[in-house]
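Inspection log for the structure reproduced underneath, given as structure tokens.
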Amino acid sequence: MTEHRIFSTSFGSVYVHYVAKAERKGRTREEVDRVIGWLTGYDAEAIARIVADETDFRTFFAEAPRMNPHANLITGVICGIRVEEIEDPLMQQIRYLDKLVDEVARGKKMTSILRGTPA
């Protein structure tokens, strides 16, 4: 079976869309960075470096400082698929991130987005 192309896509090429989506809805880059940090442990400086280095999604998640142990609390539908039912661990992590950014853009409270856990 061939690998999904998103795995080798640069994180930065999608990150700009995450930020644009949030900003269109009156949210900020800092809020996007905060949810990315909550999920992966990256800080804003590391995110900027990853974007500049054109790091792919596979490497982005493989080298994440600390995947949040509460990520499994992220549930719901993204792209027509329930994130909690995705079998491929990397695809699930990518969809978790998509779901968090969607919640930021929808104006959800940060405490709710972060599943009531500290950032």
Completion exercise
With all protein chains present, the chain has a carbon and sulfur share of its accessible area (1.4 Å probe) in percent of 50
Problem - Pairwise label distance in nanometres, residue 82 with residue 59, each label 7 Å out on the Cα-Cβ vector - result: 3.6
Exercise for the section: Over the alpha-carbon set of the chain, work out the extent along each principal axis and list the three values in angstrom, largest first. Expected result: 39, 32, 26
Problem - Per residue, in Å², the accessible surface of the chain once ligands and nucleic acids are set aside, probe 1.4 Å - result: 56
Exercise for the section: Could you order 75, 9 so the one with the most accessible surface comes first? Probe is 1.4 Å. Expected result: 75, 9
Fill in the blank from the handout: For 13, 8, the accessible-area ranking with a 1.4 Å probe, largest leading, is 8, 13
Fill in the blank from the handout: Ignoring ligands and nucleic acids, residue 70 exposes an accessible area, probe 1.4 Å, in Å² to the nearest 10, of 80
Handout entry: Ranked order, 98, 53 - accessible area, probe 1.4 Å, largest first
Key = 53, 98
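The values are calculated or read from the model by the stated rules, or taken from the named source; none is laboratory data. Predicted model, so just to flag it, every value in this text is computed and none were measured. FYI the Cβ positions are ideal-geometry reconstructions off the backbone, even for glycines, and counts take in every protein chain you see. These accessible areas exclude ligands, DNA and RNA; they are computed on the full protein's heavy atoms, side chains included. Shrake-Rupley method; radii C 1.70, N 1.55, O 1.52, S 1.80 Å.
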